[in-house]
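Single-structure report; data block below.
The values are calculated or read from the model by the stated rules, or taken from the named source; none is laboratory data. It should be emphasised that the depicted structure is a prediction, and the values quoted were computed from it without experimental measurement. Glycine gets a Cβ as well: all are built from the backbone with ideal geometry, and neighbour counts include every protein chain shown. What goes into the accessible areas is simple: the full protein's heavy atoms, side chains included, and nothing from ligands, DNA or RNA. Shrake-Rupley method; radii C 1.70, N 1.55, O 1.52, S 1.80 Å.
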Amino acid sequence: MGGHSLLAVQVASEIRDRFQIEMPVLQLFQAPTVGELAPLVDKARETGGFETAVGLGPAHVDPVDPHDQLAPDALGAAPDVEAGPGAAAKAGYRQFYDDVSKRLERTGVGEASFFLNYGYVSRGDGSADEARHAVPDGVFNPSSVRLAFELVGPVDLAGKRVLDVGCGRGGNVALLAERFGADAVGVDLAPEAVAFCRRAHRHQNVRFEVGDAEHLPVDDASFDAVTNVESSHTYPDIRAFLAEVRRVLRPGGWFLHTDLLPGLRWAEVRALLASLGLTVVDDREITPNVLASCDEVASTRTGAFGGGSALIDNFLAVPGSAVYEQMASGAWEYRILRSRLA
């Protein structure tokens, strides 16, 4: 019925809260109806968790090549993800994005694909645009580069130490160092992505580490800014992530955040930031700009992933996909929030 990963995270979180059980996000794709899921929830409440037979283990994958489809049930759990709430969801996402990296390599565009975000296209008059840098001609994925420029906007990062959480394929980290003059560190849950970043981005002021957004592998008060681009919707516990942002920021530090979330989720983010001592300085909806980007680059992005499927179309927000329609309807909002620690 048009379900996708953004909604799945929300539903899984609600089930965890209501029933006090660990709810793997990918279980929703394997048991996608109430009738199928309810008995599994009942059993999990009795036994303390979901059994491997109904979970993410590779022994229960349908006999198809997982590289032909990025199907959630074709993704085995990473064995070294920590236990606890959200662990299965993180394992699933970690494997998913590792497979994304491999898929891009197979289609021959991996070495040029530094961004996975939906991108930003100016609406024409430029009155609402905030980017201080122009995207150079000939850049691969120019609308994705523009989104990063819009996120930073007027914030001066020259000589600052910046942490990019959910760095993906490293494009944002490279821009932070090369165009903004920052000393940039990228953290991502997916080892394949981090390995690629270390090969592809050799600027002297960049570094990449494997790490969990809810347990960042960096010291307290060690960064002047934290950036997060189209990644937070995958975090099982956004409260923990925001608390980590607060922990690693120095006084006066910036949190530069952009993502696609339901309106009520954004309200929660604002409330959590306030409770952590972060003041929202700028709050801007850019949904129309992101939709314009999706319209413009849909065919190119689908080709980069070797063809479309329902899951790929949702992942890329192809026009007509569930994610695209959620944005177009106004149910989900793509926003830029810039907040600052006192």
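Per-residue accessible area for Ser231 at 1.4 Å probe radius, Å² rounded to 10?
Solvent-accessible area, nearest 10 Å²: 20 Å².
Taking every Cα atom in segment 154-270, find the radius of gyration and the maximum pairwise distance Dmax, and write them in Å.
Here Rg and the maximum Cα pair distance are 13.4, 41 Å.
Can you give the convex hull volume per residue for the Cα atoms of segment 244-289, as a whole number of Å³?
That works out to 84 Å³ per residue.
How are the alpha carbon pair distances in segment 194-342 distributed across 5 Å bins from zero to the largest one, expressed in percent?
P(r) over segment 194-342, rounded to whole percents: 2, 9, 16, 18, 17, 16, 14, 8, 2, 0.
Which sequence of His203, His215, His233 reflects their accessible areas, 1.4 Å probe, from the largest down?
On the way: His203 60, His215 115, His233 25 Å².
These residues rank, largest area first, as His215, His203, His233.
If the only charges are +1 at each Lys and Arg Cβ and -1 at each Asp and Glu Cβ, what is the size of the charge dipole of segment 104-207 around the Cα centre, to the nearest 20 debye? Let's see the in-between values first.
Numbers: 12 positive and 13 negative charges, 63 e Å.
It comes to approximately 300 debye.
Can you tally the net charge around Ala131? Count Lys and Arg as +1, Asp and Glu as -1, for every other residue whose Cβ sits under 11 Å from the Cβ of Ala131.
0
Over all directions, average the projected area of the Cα convex hull of segment 82-228 and note it in nm².
9.9 nm²
Quick one: plug the Kirkwood hydrodynamic radius of segment 181-224 (C-alpha pairs) into Stokes-Einstein at 4 °C, 1.567 mPa s, and report D in µm²/s.
115 µm²/s
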